[in-house]
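The block underneath contains the structure these notes are about, expressed in structure tokens.
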Amino acid sequence: MYSPKEIVNRWVDAFNAGDVDAIAGLYGSGAINHQAANEPVAGVEAIREMFAAEFAAAKMVCIVEQILEDGQWAILEWRDLLGLRGCGFFQVVNENIPARVLG
């Protein structure tokens, strides 16, 4: 059984590979992806489409600063090659992500 921290590490690997199928495969049915600047994206297929559009628009890289874990939650502190920084909060239940919040 994978811990929330291990699931987030798998998410980062898939993100950095631009693998939208692998990213979408980590989300559970009914998943919701919340991003500070956008409306929430609900459902695995909508999440897959969101990432496909984002990867088509720009080369994105997630450099892990640290991943913290508390119960069902893992918190990803990240940066990218352009100097952007942020945090992602991932709820993980039964090895699936039902909720992801970026702040």
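The values are calculated or read from the model by the stated rules, or taken from the named source; none is laboratory data. Everything quoted here is computed from the prediction, not taken from an experiment. Reconstructed Cβ throughout: ideal geometry from the backbone, glycine too, with neighbour counts over all protein chains shown.
Listed values, structure above:
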item	result
Matching option when the condition is modelled with pLDDT of 95 or more and loosely packed, with under 15 Cβ neighbours inside 10 Å, among Ile67, Ile63, Ile23	Ile63
Where Val101 falls short, out of the listed (1) crowded, with 17+ Cβ neighbours inside 10 Å; (2) over 21 Å from Met1 (Cβ atoms); (3) at pLDDT below 95; (4) out of contact with any Phe, Trp or Tyr (no Cβ under 9 Å at 6 or more places or on another chain)	(4)
Residue match in the range 43-58 (condition: surrounded by 12 or more Cβ atoms within 10 Å (Cβ to Cβ), of a type in the set (A, V, I, L, M, F, W, C) and over 14 Å from Val20 (Cβ atoms))	no
Flag if Tyr27 is of a type in the set (Ser, Thr, Tyr) and within 18 Å of Gly88 (Cα to Cα)	yes
